[in-house]
1. Report yes if B:Arg332 is farther than 23 Å from A:Ala364 by Cα, buried (at least 16 other Cβ atoms within 10 Å of the Cβ), within 12 Å of another protein chain (Cβ to nearest Cβ) and of a type outside the set (Gly, Ala, Ser), otherwise no.
2. Pairs please, first residue from the stretch B:16-39 and touching a residue at least 40 places away in the same chain (Cβ under 8 Å), second anywhere and among the β-branched types (Val, Ile, Thr), Cβ atoms under 8 Å, 6+ apart in sequence or on different chains.
3. Among the candidates B:Gln273, B:Gln269, B:Gln234, which residue alone is more than 11 Å from every other protein chain (Cβ to nearest Cβ) and touching a helix residue (DSSP H, G or I) at 6+ places or on another chain (Cβ under 6 Å)?
4. Out of all the residues in the stretch B:313-329, is one or more open to solvent by 70 Å² or more (accessible area, probe 1.4 Å), outside the structural domain of B:Ala278 (by the TED database), modelled with pLDDT under 80 and not in a helix (DSSP H, G or I)?
5. Provide a single number: the residues in the stretch B:62-97 that are outside any strand (DSSP E or B) and more than 10 Å from every other protein chain (Cβ to nearest Cβ).
6. Taking the condition in a helix (DSSP H, G or I), without any contact (Cβ under 8 Å) to a residue 12 or more places away in the chain and either surrounded by 15 or more Cβ atoms within 10 Å (Cβ to Cβ) or among the charged types (D, E, K, R) (or both), does A:Glu22 pass?
7. Return yes when B:Ala139 is within 14 Å of chain A (Cβ to nearest Cβ), more than 19 Å from A:Leu309 (Cα to Cα) and in contact with a Lys or Arg (Cβ under 7 Å, 6 or more places away or on another chain) and no when it is not.
Amino acid sequence: MFRFAVGAQAEAHSAILHAFGEANEDLCTALGIDDVRSRLRAADWFDALTDEDLAERLKKLAEWGLLDVVQNHAENYRTATEYERRNLHYSLTKAGEAACAGVRHALAVLNEAGALQTAVLDALADRLTELAGLLDDPATADRRLFSAVQEVEGRLEALRTGATGFNGELQRLLRADGADLDTFHEVKAATVAYLQEFVTNLDQRTHAVVAALGRVEEHGIDELHRRALSGADLPPTAGEHATQEWLRHRRSRWDGLRSWFRPADGSTPRIDQLHAVARRAIVALLQVLDRITEARRHSSGAAADFRELARWFATADRDEDLHRLWSAAFGLGSARHAHLAHEDPELVAPSTPWAQAPRVRVSALLRSNGRTEKFARTGKVRDTSAVAALRASRARQERAELEAAWRRLATGGEVRLSSFGELEPGVFDRLLDLLGRALATREDSTGLRRACTGDGQVEIVLRDPGDARSARLRTSRGTLRGADYLVDVRLLTDSPDAEAAG
Amino acid sequence: MSNLANQLVIAERTDLARGIKLLLAHPLIRADTDPDGFDLVRRRKDTLTDWFDYHCGWALAVEPRLGYARLAKVRSDPDASRPARRDRSSRAPFDRRRYTLFCVAAAELLGGPATTIGLLADRIVQATAADPVLTAFDAAMRSERMAFVDVLRALESFGVLESIDGSTESFVDSAEAKVLYRVDATLLMRLLSAPNGPSQPAERDQGADPDEAISALVAESRYGNAEQGATEVQCNLWLRHSVLRKLFDDPVVYWADLTEAQRAYATSQAGRQIMRKAAEQGGFVLEERAEGVLLVDPEAMATDAKFPDDANNAKVAALHLLDALGTSRSGRTAEQLRGDAESVLDRSPGAARTYRYSDGPSRLVNDAVAVLVDFGLARRDGERIVALPAAARYAVVSGFPDSAGGNPS
């Protein structure tokens, strides 16, 4: 449909279409070649265009389905040439009309300046309130509802295009740094004022719109649209499909309205986003303005110093100058000194030239191998205190466990081995150890076997009762079966309860 | 009690020496990176302040609460041997872009106590776009983001920026990285140590002589100036400070590099006395010779680099080149030194991996000579490289008989 807008002849094609569009508005639906020419003039198209060219262009447009060609037999032609020239009449097809509208819309968008107008918001609130008022009155004609709905939609459209256009320009303005400072300054200052005007009372206006919106919705949107449809008086050429389409459009517009002010899904209303964009822009613009004003004032101070220094760095000639400048401005460099000294520096008189003074002791290894011997540093001794502490605590714990085991085993008199019943494995090991020691000794004259642990803290006295009973000792690891000796385990240390038991 | 008093004096003396060396090596000491050093400087604040003010005319600012000490070093003839370095393993010096961004970022950071990396980048974009001289910052380019990150890391290392959330490095990969910073504005302002603000001379014509710009930056009115002349007191102050600044900051002070008045002062009885005392207070060994004077710091605490040292191949080679340079009064060209460099490479095949290319020896000579120049042991004279007198300290051969005792090899 828009093929006419590309290629070498695009301008001519557009101009011709434009001429047809204008003619259409005058309710002039068919144009002869002379009419086209005169209307082209009226549309400010003055390029040389021969009849052949023009005919060619028109033919092309007809080929693309934008123009209809009809033979006009109604007129009186005096000569054959005249007939040839004028018998063809052209009119826009439906596609042609759409193309015309498209071009017109595109030009309008190009030319229009986006705007954030508080007036639009006010109007929107007014129209919505009006609509709610109409709905409150049951006697309202459908026709009035229709026009009210249309007005609301019109206002929303104005708000939407204005906001998009303005936001686009705003972002371009924010990006376009480094333009001519003077105009820049004025434009930005004016923009900030404009934005501030808009942001002030924005909340209040939004609230008014939201309230009116709520009132209208109380009456039911579907009902409203049905009545508006009947008031719309759609032409009879439109079928059932068209009315459905019409209703769908109204619904989507209404959803659009809601997404601006009161989204159904609870997301941020777009008007709030606009608010945020405006505020961000104000901040950003003010920063740039500050910078410009500051640059003008030639203000001194640390920030200005740093900026000036940056310019010096940027314009210094040689790398060496960069480093010197760094050194001069920041003085962060370290001192640099020799570290090798004579063993007895006082022996050399101050008037000795360096060449005649003794040399300092340079490591021979450095000369021969390129490495210095690290005799100055001793090997690092590992800090063992942590390990020692760990070991000590482990030893203490083991000791405590052992003592607990002994205490558990102390019988406090002669008992049957079977009376131990069930033992935990650690304690059982101790008992086994004791029994092993005792059994390894020889019975004395009274039939007792005595043994001590290695540290001499525990004594065991073992006697075979001779009744051939067997004992079962259970641990979590298994069960020990054996002769049921009489055992007496005593703690020989100063444990008081052991004393008492002994 | 006299014993205790003695102990206190001794403690103060060692503290003073240590403090002087610490501050000479690090003009900015922060409590959170060097708690012991900062604590020492804080304790000896008054003594150190007086010492630096009397000898070098450098102001020492100690902020016990804010946790930093800053020695405002002013050098009368700033040299290029101590550039800002990237906080990376390469330690490569800053380039023009990084220096420029550093200053722009510093200016923008003064705006508020907290910021994010994205906001800061935006502000730098605006600032560079609004400035006719600066190249616009483009965060879409990786190389620019890299430079920006290097700058921020430098600022972080100075303690000006503290990243509260996120890592600066992530900005290299994506300009969308989120990093929150706390800004220490007072410390940032203290970074500038030049006595004159660069923005003070209101109008500076573009492309002015950098030497003039630098000398304007470091000119100090306390010593009098060209228009009003200087009183005798100011002159003496200037002589003391300028000579001792060189002595305490530079590897060697040659009389030949000083002005007539400075030389007269330095070689006078009073001048020598002050130098000796100052060196002793700082725990240095003062090496006085006919051609000049230098400080030896046996602990190598007050120095950014050591020579002779095995830290890198260039330093090893530099030591060898000294032998060759020492034999010729008129110096040698880099081409002549190439052979020595090659022999160093031959002797340490594994160590000199970075110089294993076709121009390796030439680059090694170049780097080694740079080391010697930085340590005041040689200078470039056009094409030739000439050894300076102090180079003889490290020479292995000498025509003089008394050298035998000095060198074990």
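1. When the stated conditions are applied, B:Arg332 does not pass them.
2. B:Leu16/B:Thr47; B:Leu22/B:Ile29; B:Leu22/B:Val41; B:Leu23/B:Ile29; B:Leu23/B:Val41; B:Ala25/B:Thr303; B:Ile29/B:Val41
3. That would be B:Gln234, the only listed residue that is more than 11 Å from every other protein chain (Cβ to nearest Cβ) and touching a helix residue (DSSP H, G or I) at 6+ places or on another chain (Cβ under 6 Å).
4. Checked the stretch B:313-329: at least one residue is open to solvent by 70 Å² or more (accessible area, probe 1.4 Å), outside the structural domain of B:Ala278 (by the TED database), modelled with pLDDT under 80 and not in a helix (DSSP H, G or I).
5. Residues in the stretch B:62-97 being outside any strand (DSSP E or B) and more than 10 Å from every other protein chain (Cβ to nearest Cβ): 11 in total.
6. The answer is no for A:Glu22.
7. Criteria met by B:Ala139.
Results for (1) surrounded by 12 or more Cβ atoms within 10 Å (Cβ to Cβ); (2) part of a helix (DSSP H, G or I), shown as yes or no for each residue.
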residue: A:Leu40; (1), (2): yes, yes
residue: A:Asp44; (1), (2): no, no
residue: A:Leu49; (1), (2): yes, no
residue: A:Ala55; (1), (2): yes, yes
residue: A:Lys60; (1), (2): yes, yes
residue: A:Ala98; (1), (2): yes, yes
residue: A:His105; (1), (2): no, yes
residue: A:Ala115; (1), (2): yes, no
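The values are calculated or read from the model by the stated rules, or taken from the named source; none is laboratory data. Quick caveat, the model's predicted, so the values are computed rather than measured. Positions of Cβ are generated from backbone atoms using ideal geometry, with glycine treated the same way; all protein chains shown enter the neighbour counts. Each accessible area value is taken on the protein alone, full model and side chains, heavy atoms only, with ligands, DNA and RNA left out. Shrake-Rupley method; radii C 1.70, N 1.55, O 1.52, S 1.80 Å.
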